[in-house]
Ligand SMILES: [Zn+2]
């Protein structure tokens, strides 16, 4: 076996060591149908994307001046904690495939600064890492090495918005 193949195998193992959880498809579809924020009922806003923000469902970058986006209020702890923390997020206005959880860190988002927030259940923030150099995996591994960390929230460092959640593969 060549060293290249070994490296590739390690790479694949690396990629499947975490689950990347974009917002659920049911949420994205509900917002597209009702044009309202789930739970809150605030009106959602549809516009042609002005900036290259990530769609929180497919985790691909919206193409400015081309893709139609919906901006709505989303509780970044929905389905995980009882204590909400609503904030604005974008999704594609039309159908897009949900990001596959076993695909590793989304390559399209590697080039922008993200904050990794490590939480224990009960929304106890234990640590945060600011990653600006695209090297997310070592930081994620380090945070998950702490047994008290249950999940990691990934936010935009520049805009502060929720991007997606990461869980351990158990
Ligand atoms: Zn999308």
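Evaluate the following for residue 47: is it within 16 Å of the ligand (Cβ to nearest atom), touching a residue at least 24 places away in the same chain (Cβ under 8 Å), assigned to a strand (DSSP E or B) and more than 16 Å from residue 161 (Cα to Cα)? Yes; evaluated as a whole, the condition is true for this residue. Is it true that some residue in segment 143-165 is away from the ligand (no atom under 16 Å from the Cβ), in a helix (DSSP H, G or I) and in contact with a strand residue (DSSP E or B) (Cβ under 9 Å, 6 or more places away or on another chain)? Yes, there is a match, as at least one residue in segment 143-165 is away from the ligand (no atom under 16 Å from the Cβ), in a helix (DSSP H, G or I) and in contact with a strand residue (DSSP E or B) (Cβ under 9 Å, 6 or more places away or on another chain). Listed by first and then second residue, the pairs linking a residue in segment 27-43 that is within 14 Å of residue 86 (Cα to Cα) and in a strand (DSSP E or B) to a residue that is within 16 Å of the ligand (Cβ to nearest atom) and modelled with pLDDT of 95 or more, with Cβ atoms under 8 Å apart and 6 or more places separating them unless they lie on different chains, are 36/44; 36/72. Would it be correct to say that residue 54 is crowded, with 17+ Cβ neighbours inside 10 Å, farther than 25 Å from residue 131 by Cα and touching a helix residue (DSSP H, G or I) at 6+ places or on another chain (Cβ under 6 Å)? The answer is no for residue 54. Within segment 51-96, how many residues turn out to be away from the ligand (no atom under 16 Å from the Cβ) and part of a loop (DSSP other than H, G, I, E, B)? So the count comes out to 11. Within segment 97-139, the set of residues being in contact with a helix residue (DSSP H, G or I) (Cβ under 8 Å, 6 or more places away or on another chain) and within 16 Å of the ligand (Cβ to nearest atom) comprises 98, 103. Total residues in segment 97-137 satisfying the condition of being free of Cβ contacts under 8 Å to residues at least 40 places away in the same chain, surrounded by 14 or more Cβ atoms within 10 Å (Cβ to Cβ) and part of a helix (DSSP H, G or I): the figure is 1.
A quick yes/no check of all residues on (1) within 13 Å of the chain's Cα centre (by Cα); (2) under 25 Å from residue 60 (Cα atoms):
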position: 108; (1), (2): yes, yes
position: 117; (1), (2): yes, yes
position: 126; (1), (2): no, no
position: 153; (1), (2): yes, yes
position: 169; (1), (2): no, yes
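The values are calculated or read from the model by the stated rules, or taken from the named source; none is laboratory data. Owing to the predicted nature of the structure, the values given are computational and were not obtained by experimental measurement. Reconstructed Cβ throughout: ideal geometry from the backbone, glycine too, with neighbour counts over all protein chains shown.
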